[in-house]
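Undergrad: This is the structure, below, for whatever I ask next.
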Amino acid sequence: MVEADSFLHLARPLGPALPGSQPTTAPLNVIIQPQAIFSILDHSLRRNTDSNTDNERVIGTLLGVRSEDGQEVEIRNCFAVGHTETAEQVEVDMDYQKQMLQFHLKANPKEVLVGWYATSSELNTFSALIQNFYGGQGDGTWPHPAVHLTVTTDAGKEIETRTFISAPVGVTADRAADSAAFTPVPHEIRYGEAEKTGLELIAGAKDSKDRTAGVPTDIEALERQIEEVLGMLERVSKYVEAVIEEETPPSSALGQFLLNALALAPKVDPEDIERDFNNHIQDVLVVSYLANTIRTQIDLSNRLATAALTLGAGDGLGGGQTNGTGTESRERGQRGGRGQKGGGGDRGGDRDRGGDRG
């Protein structure tokens, strides 16, 4: 992170303004999210190194949010833009840049165009030409200055980031189009606790041969955090002892910071801390037990409901067969009865005829 007091901010005119509009020349403070840095590094690693061009750097568009007064810019997202660069000229695919910008703004309405990035710390005429395009009117960041972010991607070296704003210079419009006075502005890479944990996990892979790192369990993460806290306490204790023994020059700012940090710590006896911790562990176990009991009860209820539906369907099918059989039996009985009655009548008629013959 670059200190804010290490820069001299120069307010310069940013070019011809539209009627009724004024450019913003206020100094900026740039905040960079880690995901933007990772996207830039990924773009640099995937660049085409087999081409005949002199593309030693890659460029892209920066997206983010800007404060109401325009003095603070937060870079949240970015996307790559193809370009071809030689010693004589540079060609940037501006149509692709405009289309991708429209797509990103539709997906993230709260974000706006804030500038562009390059994976080289060199500032040349081509940088000024691209900077003037991103900071221009219409599709640019006008009336706010465009932020230029440079990220070094040299193998074996630390990643260095710098941010700039610019103002066009030149006595004529043709000269002003490819000229710019770059002014560095302070910036910081800001991340939350979740992002910090992920970054520490990724950084742990640098010591392994296969460049991989496993995800630690909750107990392992807690143990690691406790070890880090103990290490910081030991480092502070050694510094205080060195200051008391006059081996290290004292620092009033650091002493005030330590005093404020100790004042925030509650004054609790170790026995009370241990008792509260044990009570908390018991509460966690009770909640876990209740959650498992509820889960088991829901599973059992689902099984009973499924079994009841299965048995109900089987009884319904059997009852239909029995009713059908009974109906068929009754129909057969009725037909048999009618047959017997008919047969008896015929036999009676035969007897009557026999009597007549007799």
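The values are calculated or read from the model by the stated rules, or taken from the named source; none is laboratory data. Treat the numbers as computed from the prediction; the structure is a model and nothing was measured. These accessible areas exclude ligands, DNA and RNA; they are computed on the full protein's heavy atoms, side chains included. Shrake-Rupley method; radii C 1.70, N 1.55, O 1.52, S 1.80 Å.
Undergrad: With every protein chain left in place and a probe of 1.4 Å, what is the accessible surface of R190, to the nearest 10 Å²?
TA: Using a 1.4 Å probe on the heavy atoms, I get roughly 110 Å².
Undergrad: For the pairs K157/K196; K196/K238; K98/K157; K206/K238, note any where the Cα-Cα span goes beyond 32 Å.
TA: K98/K157
Undergrad: Regarding the stretch 85-124, what are the three Cα extents along the principal axes, ordered largest first, in Å?
TA: That works out to 38, 21, 11 Å along the principal axes.
Undergrad: Enumerate the calculated ³J(HN,Hα) couplings along the stretch 88-97 in order (Karplus 6.51 cos²θ - 1.76 cosθ + 1.60, θ = phi - 60°), each rounded to whole Hz, writing x wherever the residue is Gly or Pro.
TA: Per residue, the Karplus-derived 3J(HN,Hα) values read 9, 8, 9, 10, 10, 7, 6, 5, 5, 4 Hz.
Undergrad: Would you kindly work out the equivalent ellipsoid of the stretch 172-247 from its C-alpha gyration tensor and give its semi-axes, the square roots of five times the eigenvalues, largest first in whole Å? Before the final figure, lay out the partial values.
TA: Details: eigenvalues 347, 138, 30 Å².
Over the Cα atoms of the stretch 172-247, the ellipsoid semi-axes are 42, 26, 12 Å.
Undergrad: Here's a follow-up. Can you give the accessible area of H280, probe radius 1.4 Å, in Å² rounded to 10?
TA: Probe radius 1.4 Å; accessible area of H280 about 110 Å².
Undergrad: Something else: Taking 2.2 N^0.38 Å as the expected size of a compact globular protein, what ratio does the Cα radius of gyration of the stretch 69-174 give against it, to two decimals?
TA: Ratio of Rg to 2.2 N^0.38 Å for the stretch 69-174: 1.12.
Undergrad: A follow-up question, please. Probe radius 1.4 Å, ligands and nucleic acids left out: which of M100, M232 has the largest accessible area, and how do the rest follow?
TA: Values: M100 45, M232 95 Å².
So, going from the largest accessible area down, we get M232, M100.
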